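The numbers here are math on the coordinates, done by the rules we state, and not lab data. None of the values given here were measured: they were computed from a predicted structure. Note: ideal-geometry Cβ built from the backbone for every residue, glycine included; neighbour counts use all protein chains shown.
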Amino acid sequence: MPKEEDRRPEKPRPKESSGVLSRREFLRDAGLIAGASMAGPITGVSPVDAGAASDLPAARVAAAAAGAPPKIKLNVNGEDYEVGVEPEESLRDCLREKLGCLSIKDMCLGHGACGSCTVILDGRPILSCLTLAVECNGSKIETAEGIALSGHPLIEAYIMNYCMQCGYCTPGFICTSKALLDRNPDPTEADIREALGGNLCRCATYIRHIPAVRQAARALNGGK
Ligand code: FES
Ligand code: FES
């Protein structure tokens, strides 16, 4: 005789499952399939705020309102140029991208740490990556292209003394060396080391620049 409890009707049993939810089952159970169709904008991303323009620097807003970037005049390697520049544009970008002075490099991503962007501005070597183009209105600029085209003895001296390997840093060294020789026609080794102290070379050609600059100095002084 079966016991009483054995005769009770069986409860409906849940459907057999493999124990592994399909992706669809998981999403359904979590309520995500239905929710997905009603999803709004992705949280954390705001539509473009028209009022953000008020955060722009005032000079840029003024230039934009005028409809064109302000124009500056530059004399680059003896040629006169008039060029429109954005208020935040670096001299490096202006010279390289608008006037085609491709000798000017960027070995430190414009952090003012390498000297590869050096040009001569009104007789002084400067880092063009840290100089705003708008500040240079009316200036005279020399780049390595101009120094090479002028036949300056530094070029031959750099070649003869193996001053470059990859050459990426070389235009900056040339500009700094030229500015040194312009103000000091007979530099000592210490003068050269001090002047070139801000120019970095990944290929470590440093030691070769000293005889090169001295050779150029001798040539400029009539070979003495
Ligand atoms: S790019 Fe390095 S100092 Fe200007
Ligand atoms: S020659 Fe390569 S970085 Fe100077």
Ranked by how many other beta carbons lie within 10 Å on average, peptides 160-166, 138-144, 187-193 from highest: 138-144, 160-166, 187-193
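Per residue and in Å³, how big is the convex hull formed by the alpha-carbon atoms of segment 66-128? Numbers along the way, then the final one.
Working: hull volume 5.7 nm³, N = 63.
Spread over its residues, the Cα hull of segment 66-128 gives 91 Å³ apiece.
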In order through segment 165-179: 3J(HN,Hα) via Karplus (6.51 cos²θ - 1.76 cosθ + 1.60), integer Hz, x for Gly, Pro: 10, 7, x, 5, 7, 4, x, x, 4, 4, 5, 5, 5, 4, 4
ARG183 versus ASN75: modelled label distance in nm, points set 7 Å from Cα along the beta carbon direction: 2.0
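Could you tally the net charge around GLN165, taking each other residue with its Cβ under 12 Å from the Cβ of GLN165, Lys/Arg +1 and Asp/Glu -1? Write down the numbers at each step before the final one.
Details: positive: ARG202, ARG208; negative: none.
Summing Lys/Arg as +1 and Asp/Glu as -1 gives +2.
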Whole-angstrom Cα spans of segment 61-220 along principal axes, big to small: 54, 28, 23
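Using 0.36 nm per residue of separation minus the Cα-Cα distance, give me the extension gain between LEU132 and TYR168 in nm, one decimal. It would help to have the intermediate numbers written out before the result.
On the way: separation 36, 0.36 × 36 = 12.96 nm, distance 2.27 nm.
Additional length available on full extension: 10.7 nm.
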